[in-house]
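The values are calculated or read from the model by the stated rules, or taken from the named source; none is laboratory data. On a predicted model such as this, the values are computed, not experimentally measured, just so you know. Because the Cβ atoms are built from the backbone with ideal geometry, glycine has one as well, and the counts that use them run over all protein chains shown.
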Amino acid sequence: MVWNLVIKKLSWNGQGKALDIGTGAGALAIELAKKFPASRIWGIDYWGKLWNYSKLKCEKNAKIEGVANQVVFQKAHASKLPFNDGEFDAIMSNFVYHEVRDAKDKKKLISESFRVLKKGGTFSLQDIFKSKKKFGDIEELIRDIKKWGIEEVNFIETTHEIPIPKLLKFELKTMGLLYGVK
């Protein structure tokens, strides 16, 4: 699955707290909890009418997978995270930023995610970052992220990292993953 790359590139030891921004049905948060049994994972989502997900569905999924005691799900906007500055040791997201309708400026949206990440914390964010319409020039985005005080920023194209059928590669050519350390 494409979201496995998010966890693969999250250079985190599983100690402390992680935040899954735009958790959907909770799959990414649940997988991270399974990988790191001593961790605490928060999954936030707006769960609007356009999506067939809910907090209750996430909680059921976490219970089925045996990690309900590790994962907290709550309704929240990615554009205004209800957490303190530097509250999390790791943040992750999978194809969420381009969907957030109450944030026209996607750079501000990404910056809000970094606000809740501790200095030295790790991140792994996957989206259509090469879409100039949504995010502007990828090199400029990376430069801006570094200006925000992010110590290490890496970018990889998703289609270079996981096997994707040739027919889909054209459709998915803007997919990429930003990962590193604050």
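Looking at ASN13, ASN94, just one residue is buried (at least 21 other Cβ atoms within 10 Å of the Cβ), out of contact with any Lys or Arg (no Cβ under 7 Å at 6 or more places or on another chain) and polar (S, T, N, Q), and that residue is ASN94.
Restricting region 52-73 to residues that are of a type outside the set (Lys, Arg) and surrounded by fewer than 14 Cβ atoms within 10 Å (Cβ to Cβ) leaves a set whose member that is modelled with the lowest pLDDT is ASN52. For VAL2, the stated conditions do not hold, so it cannot be described as in a helix (DSSP H, G or I), β-branched (Val, Ile, Thr), touching a Ser or Thr at 6+ places or on another chain (Cβ under 9 Å) and touching a residue at least 60 places away in the same chain (Cβ under 8 Å). Check whether at least one residue in region 92-103 is without any contact (Cβ under 8 Å) to a residue 40 or more places away in the chain, part of a loop (DSSP other than H, G, I, E, B), touching an Asp or Glu at 6+ places or on another chain (Cβ under 9 Å) and within 24 Å of MET175 (Cβ to Cβ), and report yes or no. Yes, because at least one residue in region 92-103 is without any contact (Cβ under 8 Å) to a residue 40 or more places away in the chain, part of a loop (DSSP other than H, G, I, E, B), touching an Asp or Glu at 6+ places or on another chain (Cβ under 9 Å) and within 24 Å of MET175 (Cβ to Cβ).
The number of residues in region 25-34 that are without any contact (Cβ under 8 Å) to a residue 40 or more places away in the chain and either of a type in the set (Asp, Glu) or farther than 18 Å from GLY121 by Cα (or both) comes to 4. Taken residue by residue, region 38-56 has at least one member that is free of Cβ contacts under 8 Å to residues at least 60 places away in the same chain, part of a loop (DSSP other than H, G, I, E, B), touching a strand residue (DSSP E or B) at 6+ places or on another chain (Cβ under 7 Å) and among the small types (Gly, Ala, Ser).
Looking only at residues in region 28-44 that are under 16 Å from the mean Cα position of the chain (by Cα) and either among the β-branched types (Val, Ile, Thr) or under 9 Å from ALA18 (Cβ atoms) (or both), the one that is surrounded by the fewest Cβ atoms within 10 Å (Cβ to Cβ) is ARG40.
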